[in-house]
Amino acid sequence: MANLSGTYSRGQLSEVTGVKSETIRYYEKCGLLAVTARSAGGHRIYSVDHVKRLQFIRRCRELGFSLGEIEGLLELDSGQNKTCEQVRHATEVHLRDVQEKISDLKKMEDTLVELISQCDDLSSPTCPIIEALSE
């Protein structure tokens, strides 16, 4: 979708990466994506490097990384002293957070299943679920 000069409009960038234009603007505003030059008509001009960076950010978001975590990964990627060990450590920390969330969600699921199982008589004037949630 790039033109012959290898540049993209924001709409083209959005289409190529699957990231909405509003989100691209937000990433520019928070510094994850560099603000670019403008065309004579005042439109932003994006390069292949922007496409790659935005795809990286999108994939990180799909994996649940926060914007702060993504910023840290991008800093590691752009640093001259980066090591795979540093990136691995950041990813391991994120994995532990994901595992804790999964554990919390499993506990919520178990609780909800238990609450539903207590509600055998659907015609009862008192609801065990409401009573349990009120305690």
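Considered as an equivalent ellipsoid built on the Cα gyration tensor, the stretch 19-94 has semi-axes of 26, 14, 9 Å, the largest given first. Over the chain, one equal point on each Cα, no solvent: what is log10 I(q)/I(0) by the Debye formula at q = 0.09, 0.15, 0.20 Å⁻¹? Treating every Cα as an identical point scatterer, log10 I(q)/I(0) equals -0.49, -0.81, -1.14.
Ranking 40, 24, 123 by Cα position along the charge dipole of the chain, where only Lys, Arg, Asp and Glu carry charges on their C-beta atoms, puts 40 farthest toward the positive end. In this simple spin-label approximation, residue 109 and residue 20 carry label points 7 Å from Cα along the Cα→Cβ vector, and these lie 2.8 nm apart. In terms of its alpha-carbon gyration tensor, the stretch 84-135 comes out prolate; a/c meets the 1.5 threshold, and the first ratio a/b outweighs b/c. Compared with the direct C-alpha span, the chain from residue 98 to residue 43 gains 15.9 nm at full extension, assuming 0.36 nm per residue. Between the residues 86, 74, 102, the greatest Cα displacement towards the positive end of the dipole of the chain, with unit charges on the Cβ of Lys, Arg, Asp and Glu, is found for 74.
Rule-based calculations on the coordinates, nothing more; no lab input. Worth saying up front: this structure is predicted, and the values here are computed from it rather than measured. Note that each Cβ is placed from the backbone with ideal geometry, even for glycine, and that neighbours are counted across all protein chains shown.
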